[in-house]
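Working notes, beginning with the structure itself.
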Amino acid sequence: MKNREIDYIFTGPLAEYCTKYIVYKRSLGFKMGSSVYYLLRGMDTFFLQHGLSLNSSILTKEMVEKYVARRGVESVKTQHMRMSIIRQFSLFMNRLGFSYYVYPETDFVQIKNDFIPYIFTHNEIERLTKILDKIPISPRYPTYHIIYPMLFRMLYGCGLRINEALGLKLKNIDIEQGIIRLDATKNNIQRLMPMSKSLHKYCKKYVKRMGFSSSYDGYYYPSKNGSQYNSTPVYCQFRKFMSMAGIFRENGTTPRVHDIRHTFSVHALEKMVDEGNDIYCSLPILSTYLGHRGLESTEKYLRLTIEAHASIIGTMTEYYNDAYSEVVDYEN
C-alpha cells in the first residue's frame, strides 16, 4: 500500500500563502484537515471574486468585514469559523510583513453551547461491537469489514479523537508493547497511550489480517488507494451502524462519533472510582491520557454528563470544591 497525502489546491490571490499557512500550522502540531482546507479555499475564492490583487500587501477592515458577514440562513457556527480563520490567517500574514486587518475576537458571534454529549451504556457498546463484527465482506472495499471493528475498539478503548485515529501510521503503534504514540495532536502534546490487554491482542490480529509487510510505513487505517481515511464517510457509516444497533438520542437522532470519546472518559473515571482510586490522582491521569492541556477540559467532559452518573457525583463535587478554592487562594 502507498502512503498518499491529500493535495491542497488553491487558485485565488492568496493561494501561495494559504499553502504556507497550512505548512506553518502543521509545524506547530495542529491538524490541518479537510475542514480547514475548505475554509481556506472559500476565503481564497471570496477575495478573488472581490478584487483582491495577487500582489496586494494590504487587506482592509472593509474587505474582512464583508468576508465575515452573515450569509443567508447559514448557522452562527459557520460564521464563527470564518471569523476565526481570517483572524488567524491575518496574524500569520502580518508576521510575514503584510498589513492585514486582524478581526477582533471581541466581535466574534457567540455560539450557544448547551449540547449534552451522549454517553453509551455498556450494553450499547456491546451491541454496536456485535454489529461491527458482522460487517460482510465487500469486493469493492476489501478491508472495510476489517477496519471499522478495529477503529471502533480503538476509539472506545483509548478515547482518541477521530482525526487522531485516522491519522495514525503503523510506526505510531508499538505492536509488541501495546503502546500508541501520538506526536502531532490537537494541543501539540505528545502522548504515549498504553492499550488494554484485549485491545493490544486485537491490534496484533488486525495487523495480520490487513497484511501489512515489515517495511510498510503507511496509515494504520488506509483508504482503498492508501491515503488517509476521510472522516466524513466515517461519520456516515457509524451513524448507520448505531441505527442498526438501535442506539438513538431522545430526539431520534444517532449519537456522534465524538460521543465515543466522551463515553470513554466517563466509563474510565467510573472504573477508577469504583476501584477505590483517589480522585485527586485519577483525574490528572485521565486528563493526560486524553491529551487535554489542563484539568478544565476534562472537567468540562464530566460536568456535561455528571447528572446521569450518580456513582461519581459525590466524589467529583468534593474534588471541584477543593480544587477551585486552591486556585482562588493561589491567584490572590
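Here, each number is a calculation from the coordinates, and none is a lab measurement. This structure is a prediction, so every number in the text was calculated from the model and none was measured. Every residue, glycine as well, gets a Cβ built from its backbone with ideal geometry; the counts of neighbours run over all protein chains shown.
In whole Å, how far is the Cα centre of segment 81-112 from that of segment 242-291?
34
Roughly speaking, what is the stretch gain from ALA69 to ARG95, that is 0.36 nm per residue apart minus the C-alpha to C-alpha distance, in nm to one decimal?
Net length gain for the segment: 6.8 nm.
Show me the ranking of peptides 206-214, 62-70 by mean Cβ neighbours inside 10 Å, starting with the highest.
Descending mean neighbour count gives 62-70, 206-214.
For TYR37, TYR141, what ranking results if the residue with the fewest other Cβ atoms within 10 Å of its Cβ goes first?
In order of increasing Cβ crowding within 10 Å: TYR141, TYR37.
Pairs LYS25/LYS201; LYS25/LYS112; LYS20/LYS77; LYS25/LYS208; LYS171/LYS224; LYS130/LYS240: which exceed 24 Å Cα-Cα?
LYS25/LYS201; LYS25/LYS112; LYS20/LYS77; LYS25/LYS208
Going by C-beta contacts inside 10 Å, put ARG256, ARG261, ARG71 in order with the fewest on the left.
Result, fewest neighbours first: ARG71, ARG256, ARG261.
Could you order peptides 158-164, 87-93, 196-202 by the average number of other Cβ atoms within 10 Å of their residues, highest first?
Output ranking for 158-164, 87-93, 196-202: 158-164, 87-93, 196-202.
Which of the peptides 224-235, 12-23 is most tightly packed, and how do the rest follow, judged by the mean count of other Cβ atoms within 10 Å per residue?
Top to bottom by mean Cβ count within 10 Å: 12-23, 224-235.
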